Structure formats: structure tokens, C-alpha cells
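Data block below; observations after.
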Amino acid sequence: MGTIYITQDDAFIGKTDERIQVRAEKKVLLDVPLIKVDGLVVLGRATVSPAALTELLERGIPLTFLTTTGRYLGRLEPELTKNIFVRRGQWQATEDERKTFHLTQAFVRGKLKNYRNALLREQREDKNLNLSQALEQIGTSLAGLASAEGIDSLRGLEGAGSAAYFGVFQERIRGTDFCFAKRVRRPPTDPVNALLSLGYALLRHDVQSAVNIVGFDPYLGFLHRQRYGRPSLALDLMEEFRPLVVDAVVVSVINKKLLKPEDFTSEPVSGAVSLQQEGLRSFLRAYEMKKQTKFKHPVLQKQCTYQEAFEWQARLLAKYVLGETEQYPPLVLK
């Protein structure tokens, strides 16, 4: 089962014996054993029974609340793991300029390499695409990582590479039903941006769960500056997974016509675009299927799913901050 996504407004989440049950309008929408559940994500409004909350906390199952547009509201989860050594190593790493620089460089390198590989793959599959200019810019950003003199310089290279990548995102979308001009967040004002924002919110839930399992403080990061309430480390670790998981799902559901323009609705005042119920379910199915896709981890040389890779990368990060390895290897797939 993995993660349960609850999209029905005013649903009731309860517990019956060793099972989680979701009901709405006097009907049972879902009834599954708790042992099969890795996490719950509520998109919209829902009521959770005290018994269900207690069971989720005791089993270490995180519960995340998002708006229907994918904006993060908050999450309920057990206390941090007892692994104080990982958190101590994390704090020491943030005070060590060499380690902070190395990790920031690694997060940016992983993201940019996966950006480049995604565009190269698209170009191989469609000879009519001309992505050479974007690829050149991303390559320039990657080359600049070796000579960057500080964290701000690394952030600038990441920004330039991301701008080049999203500058040709429309080229990856077939047909004329969907258009993408630029990345728009808070709120997303077109369907493609709505899918990206929703996907990144779901990815944050998964990656933050992984860093909590390993024992990190999710709010103390390296690439992302510390801000009150911002899970900077989860956002850091997300970077290498954005093109691999979310962007790939967005392009796939559009090009396979699993979603249509009429699956989206727009708020009259804010202009925020979001998926309607049926389209939302289709997107969540595609995202969950992507997470369960298997591949061979290039560093550990073992088969894993993306769901497992979130935790594996967090454990590789823990080994680095504890001084057990000389470097952190971001996940890069061709």
C-alpha cells in the first residue's frame, strides 16, 4: 500500500482493530491493515479520530496535511529518533565550512546532473527536439561547481541551471493542451505548475519522513538557508529527486493524456489552479507507481525503489556527517 492519499473532503479517518479505515458520506472508502501503511497524506479537509492518531504515533506513521493545491500545512509524527549521534554530527557539519561546502556542492551536482540526463534522454527519444542551448547552460553550471568559491556561488550555479532546465520544459510536453511558460509557485497559476507544486509537496512528505527515520533534524540544512519552520535538510535532499520522480511523473501523465485541461479548476480571486477529484486521483496513482519503480542504485549496487532510495540517501548522508565516509554521493541516474 505504501502511502495513503485522502482526497475526499470531510472524510473521517478512524481505526478498527489493526486497520485504518476512511469513511465519507456513510460509506467506507478505504479499509487497509496498518502494517501496510507507510504514511498518510490528507489533501483538503479530514477528521482524524483520537484512536487513529494514537496508533499512527505509536507505529511511527507520519500524517501530512496539504491543501488541495498541494500547499504544505503541517504534519504529525512521533518524536525524533533516539540517534543523537546523527544529529550531533549534523550540527557539527554545519559549523564546518569544508563539510557544508561539500554537501551543498553535492546536492547541486546531483540535481543538475539529473536535469541534464533527463534532457539528454528526451533528445534521444525525439530527434526533432533541440535542447542543445539548455544542455550547454546546465553543463556550464556543472563545470563551475569545481571552481566555486562559496555557498552563494553554488546557489547561483544551481539557479542558472534550473532556469535553463525549466526554460525548455515546454519542449518536453507533446500536444497543445498544456502550456508552460515559466515556473510559478505560490500559487501555481496554470495546470503544469499546479502538478509540479503538488508533486514537490508529496516528495517533501516522503523525504522528510526518511530524514526523520535516520535521525536527522529536518530543519537544519546546508543548501537551503535556515528559516523558521522550513525543513531545510529535507529540501536539500529533495533536490536530486525532483527531476527523477516528480518532473518525470508530470511529463508522463500529460504526454500519456492521463489528465485533460478540464481536470483542473481555477480560483477566481487568487488564480490558483488545482486538480479536481478524478484528476487528483489519477496523479496520485502515477506518483505512487513511480515511487515503487525499481532500479539499481549506482553507489550501493543493489536493486531498490525510489521509496527506498529516499532513506538510503539519507543514510549515506548520515555516514558522511558521522565521518564514516569521505564524501556524500548524490543519486544520479542516466
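Data overview
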| quantity | calculated |
| --- | --- |
| Rounded, prolate or oblate (a/c below 1.5 giving rounded, otherwise prolate when a/b exceeds b/c) for segment 2-61 by Cα gyration tensor | prolate |
| Sites R225 and Q276, calculated FRET efficiency, Cβ-Cβ separation with R0 30 Å, nearest 0.05 | 0.25 |
| Highest-MSF residue in the chain out of I20, I84, I138 [GNM, Cα springs under 10 Å] | I84 |
| Cα-based Kirkwood hydrodynamic radius, segment 113-256, one decimal, Å | 16.4 |
| Neighbourhood net charge (13 Å Cβ-Cβ; Lys/Arg +1, Asp/Glu -1) for F178 | 0 |
| Charge sum, other residues only, whose C-beta stays under 13 Å from G271's C-beta, Lys/Arg counted +1 and Asp/Glu -1 | 0 |
| Share of pairwise Cα separations in segment 151-205, more than 15 Å, in percent | 58 |
| Per-residue HN-Hα couplings for segment 159-166 [Karplus 6.51, -1.76, 1.60; θ = phi - 60°; Hz; x = Gly/Pro] | x, 5, x, 5, 4, 5, 5, 6 |
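Any read-out appearing in this document is the output of simple, stated calculations on the displayed coordinates, not a laboratory observation. This one's a predicted model, so the numbers in the text were calculated from it and none came from an experiment. Backbone-built Cβ (ideal geometry, glycine too); neighbour counts: all protein chains shown.
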